[in-house]
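The structure appears right after this line, and notes come after that.
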Amino acid sequence: MVLKRFTVLVILRVFLLLITIFILSLIFGDGRLFFNQIILSCVLIIQIWELIRYVTQTNRELARLFLAVRHSDFSVTFKDMPMTRSFYELQDSMIEIIQAFKDVKIEKEAQYQFLQILIRQLHFGIISLENENTITIINPMAEQLAGIHGVKNWKLVQQLNPVFAKRIEELGDNARTLIQFTTQGETKTLAVDIRTPLILDKPHKLITFQDINSEIEQKEIEAWHKLIRILTHEIMNSVTPIASLTETMQTLLVDKNGNQRQVQDISDETIKDILFSLKTIHKRSEGLLSFVDTYRKLTKIPQPTLETFHIRDMLEQISVLMHHDLKGTTVKFGVNVTPSDLLVHADPKLIEQVIINLVTNSIHALANKPDGLITLNAYEENKRIVVEVSDNGKGIPEKELEEIFVPFFSTKKEGSGIGLSLSKQIMSLHGGTIKVKSQPGVGTSFFLNFKRKV
C-alpha cells in the first residue's frame, strides 16, 4: 500500500513537472511573456527540488534504520519524521522493526545473564577460549581449582599456573583424561574434558574440569576395605586351623597338671595325632605361602612392550590353543573380526594372557551346558578398538559383578581370584579399560577397550 501510494505521488510530480516544461517551452523566447518565463522557471526548479526531496527522504530514513540495526542503536526514533501521510505506514513499520530488534536484544541479554548465573552455580570448572587466547567464559569454580583468579587471557593463565596451562595445551583440541598438578602446596587430580566446536565458523575451545580427589579417595577406601576383607578371610582360613592344631598338640604333650609328659608316657596314638596335626599345619602353611606368592604377582606386572599387530591372528591362535581344553565338550568356538585387517597397538603377550584368562572363565561358565558357545569379536566403536569375549553360560549374579575385579575374589572353589584383577591392571597399563555385562541364565560378555593408534 505504501509503495503504491509512493508511486502514484511520484508519477503525479513527474507529470506536473512535464506540464511545466511543456508550457515553458511554448512561451520561451517570447519577450512579451518574459516574467511568465521567470515564474515558470522558478516553479520548475521548485518541482525538481520537491521531487528529489520526496524520493531521497525515504532513503535517508531507511539508511538511519539500517545504521541503527547495524550498530545496535535502538534509541533512534522515527516518530518525528517530517513525512506526508503517504509515509505513515512506513513510519509505523520502521518503529515496529526497531522495537522488535530492541526486544530481541533484551531477550538475548536476559539469556546471557541467565547463562552467567548458571555457569557460576556449576560444581565444576569451565573455561571457553576463542582464538586460543581470549577467555570468553570462566566460572568461579575454574578460578578456584586452577588458582587463576580474575584472568581474561590464556597468557595470564600460563603465568599464574604454568603447569596447569601446559597440561591443558598438551591435550590438544579434543581430549578426555585425568591430570595431576600441585598448586599452593596442594596436589589436585582433575577429570578434564576438552571439546572444540565451531561457532559462527570460529573455533571455541571448551575446557571443563572437576576435582575428583574426594571421589578417588572414597574409591580407594572402598577398594582397601574389599581387599582387606578378602585378605582377612584367606588368612583366617589358614591361620585358624594352624592355631587350633597347635593348641591340640600342646594338650597332647602335657598332663592334667600342665607338666610336660615324658617320652615313655606318649602313646603311639598320640604320636599319630601329632603327625597328622603337623601335616595339616604344613599343608595350610604352604597354602598361605602360595597365597602370599599370588599376591606378589599382582604387584609385579611388567610394563607393556607395545607393538602393532593384527588382532585376528591372535584370536585365531587362541581359538586353536583352547581347542584342546574344549575336547570332550559340546562347546563351540567362534571368531569374528570387523574389518578383517583390524590393528591393535598393545603388548601381544599380555593381551593374549588376558583373553585366555577370559576364555578359561567362559569354559567354566559353560560346564554341563549342551549348546555352549564362546565368541571372540573385535571391532571399532566410538574411535576405539573393542575386543569382546562372550559366552552363553550361567552368567554372573548382580551382587558379584561389583566384586569380580577385586583381588582374590573368586566364585570358583579352586580359583585364586587374581585373573580378572590382573586383566584389569594389564588393560590399565595399556591406557584401556575392561568392562563386563552379564545376565544370569543368559550369558556374560567382557569388553576390552583399546585406544586407536593415530
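Data table
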{"read-out": "Checking Ile404 against (1) among the aliphatic types (A, V, I, L, M); (2) assigned to a helix (DSSP H, G or I); (3) in contact with a Leu (Cβ under 6 Å, 6 or more places away or on another chain); (4) modelled with pLDDT under 85, the condition it does not meet", "value": "(2)"}
{"read-out": "Subset of the range 307-330 [loosely packed, with under 15 Cβ neighbours inside 10 Å and in contact (Cβ under 8 Å) with a residue 60 or more places away in the chain]", "value": "Thr308"}
{"read-out": "Check on Lys166, at pLDDT 85 or above and either under 30 Å from Asn382 (Cβ atoms) or in a strand (DSSP E or B) (or both)", "value": "yes"}
{"read-out": "Candidate set: the range 22-53, residues that are among the β-branched types (Val, Ile, Thr) and either at positive phi or exposed (fewer than 13 other Cβ atoms within 10 Å of the Cβ) (or both); chosen: the one modelled with the lowest pLDDT", "value": "Ile52"}
{"read-out": "Top-ranked residue in the range 206-238 [being surrounded by 16 or more Cβ atoms within 10 Å (Cβ to Cβ) and of a type in the set (Asp, Glu); ranked as modelled with the highest pLDDT]", "value": "Asp211"}
{"read-out": "Of all residues making up the range 118-156, the number that are assigned to a strand (DSSP E or B) and surrounded by fewer than 16 Cβ atoms within 10 Å (Cβ to Cβ)", "value": "4"}
{"read-out": "Filter result (more than 24 Å from the chain's Cα centre (by Cα) and hydrophobic (A, V, I, L, M, F, W, C)) within the range 107-147", "value": "Ala110, Phe114"}
{"read-out": "Pairs, first farther than 30 Å from Thr330 by Cβ in the range 381-406, second among the β-branched types (Val, Ile, Thr) and surrounded by fewer than 20 Cβ atoms within 10 Å (Cβ to Cβ), C-beta under 7 Å, six or more apart", "value": "Val406/Ile230"}
{"read-out": "Residues satisfying the stated conditions in the range 242-272, i.e. farther than 30 Å from Leu289 by Cβ, among the polar types (S, T, N, Q) and outside any strand (DSSP E or B)", "value": "Asn257, Asn259, Gln262, Gln264, Ser267"}
{"read-out": "So Glu186, is it at pLDDT 80 or above and either outside the structural domain of Leu129 (by TED's automatic domain parsing) or more than 16 Å from Ile126 (Cα to Cα) (or both)", "value": "no"}
{"read-out": "Restricting the range 191-205 to residues that are over 11 Å from the mean Cα position of the chain (by Cα) and in a strand (DSSP E or B), the residue that is surrounded by the most Cβ atoms within 10 Å (Cβ to Cβ)", "value": "Lys205"}
{"read-out": "Boolean, Arg176 is of a type in the set (Lys, Arg) and assigned to a helix (DSSP H, G or I)", "value": "no"}
{"read-out": "Sole exception among (1) free of Cβ contacts under 8 Å to residues at least 40 places away in the same chain; (2) closer than 23 Å to Pro203 by Cα; (3) assigned to a helix (DSSP H, G or I) for Gln159, by number", "value": "(2)"}
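Results for (1) of a type outside the set (S, T, N, Q); (2) modelled with pLDDT of 75 or more; (3) closer than 30 Å to Thr251 by Cα; (4) not in a loop (DSSP other than H, G, I, E, B), shown as yes or no for each residue.
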site: Ile274; (1), (2), (3), (4): yes, yes, yes, yes
site: Thr280; (1), (2), (3), (4): no, yes, yes, yes
site: Arg284; (1), (2), (3), (4): yes, no, yes, yes
site: Gly287; (1), (2), (3), (4): yes, no, yes, yes
site: Tyr295; (1), (2), (3), (4): yes, no, no, yes
site: Thr305; (1), (2), (3), (4): no, yes, no, no
site: Thr308; (1), (2), (3), (4): no, yes, no, yes
site: Asp313; (1), (2), (3), (4): yes, yes, no, yes
site: Gly328; (1), (2), (3), (4): yes, no, no, no
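So that you can scan it fast, the table gives a plain yes or no per residue for (1) modelled with pLDDT of 75 or more; (2) assigned to a strand (DSSP E or B); (3) surrounded by 14 or more Cβ atoms within 10 Å (Cβ to Cβ):
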residue: Lys399; (1), (2), (3): yes, no, no
residue: Ser410; (1), (2), (3): no, no, yes
residue: Lys413; (1), (2), (3): no, no, no
residue: Ser421; (1), (2), (3): yes, no, yes
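The values are calculated or read from the model by the stated rules, or taken from the named source; none is laboratory data. Computed from a predicted model, the values in this text were never measured in an experiment. Methodologically, a virtual Cβ is constructed for each residue, glycine included, from the backbone with ideal geometry; neighbour enumeration extends over all protein chains shown.
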